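K.L.:
Questions regarding the structure given below will be posed in turn.
The values are calculated or read from the model by the stated rules, or taken from the named source; none is laboratory data. Keep in mind that this is a model prediction, so the values were computed, not measured. When we count neighbours, we look across all protein chains shown, and the Cβ atoms used for this are built from the backbone with ideal geometry, even at glycine. For the accessible areas, the whole protein counts, side chains as well, though only heavy atoms, and no ligand, DNA or RNA atoms are used. Shrake-Rupley method; radii C 1.70, N 1.55, O 1.52, S 1.80 Å.
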Amino acid sequence: MLKDLEQFSQVLICYAQSGAKIPLDWLMPLTAMVNAERLKIIKMPSGGKNAADFGICFLAGMLMAEQPKNTHFVIVSDDADLDHTIKLLKSYGRTAERISLKKEEVTTTIVNIKETT
């Protein structure tokens, strides 16, 4: 995962309920990314059903307004409902994709954005 994060200029992790487990070896690289303002970890104010999904939709819209036109959006989630967000981004002239992890349980949704040339 750390190598995947390096390819993006900005990564947002949006979650509603904690419980994610990360290896201790990741703490220093993740801290460096947070300090460089390349990684933001956002907890939803409440943990209801689809809270993280709604947060991702909100943040994607906000980022679309802030980021240059050539910014590519990647949503990492097994939830196919987020394809609606991908379609909306594309309808506004952005490039976007959803990548599914197909793991037993995904507790976080990650939006990666990078500028394309």
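K.L.:
Given the options 102, 43, 21, state which has the largest fluctuation in a GNM of the chain using a 10 Å cut-off (strictly under) for Cα springs.
P.N.:
21
K.L.:
Still on this structure, please answer the following. How many Lys pairs in the stretch 1-77 lie less than 18 angstrom apart by Cα atoms, where the lysines are 8 or more positions apart or on different chains?
P.N.:
Values: 3/21; 3/40; 21/40; 21/43.
Counting lysine pairs in the stretch 1-77 gives 4.
K.L.:
Further question on the same structure: The chain: D in µm²/s via Stokes-Einstein (Kirkwood Rh, Cα pairs, 20 °C, 1.002 mPa s)?
P.N.:
The Stokes-Einstein estimate is 146 µm²/s.
K.L.:
Additional query: Which residues does the label zone of residue 70 cover in the stretch 33-64, counting backbone N under 12 Å from a point 7 Å along Cα→Cβ?
P.N.:
none
K.L.:
Related question: In Å², and per residue, what accessible area does the stretch 25-68 have when probed at 1.4 Å with the other protein chains present?
P.N.:
I get 66 Å² per residue for the stretch 25-68.
K.L.:
Moving on to the next point. Determine, for each peptide in 72-82, 29-39, the mean count of other beta carbons within 10 angstrom over its residues, then list the peptides with the highest first.
P.N.:
The peptides rank, most packed first, as 72-82, 29-39.
K.L.:
Right, here's the next one. For the chain, which whole percent of the accessible surface, found with a 1.4 angstrom probe, sits on carbon and sulfur atoms?
P.N.:
Numbers: 4220 of 7530 Å².
The computed percentage sits at 56.
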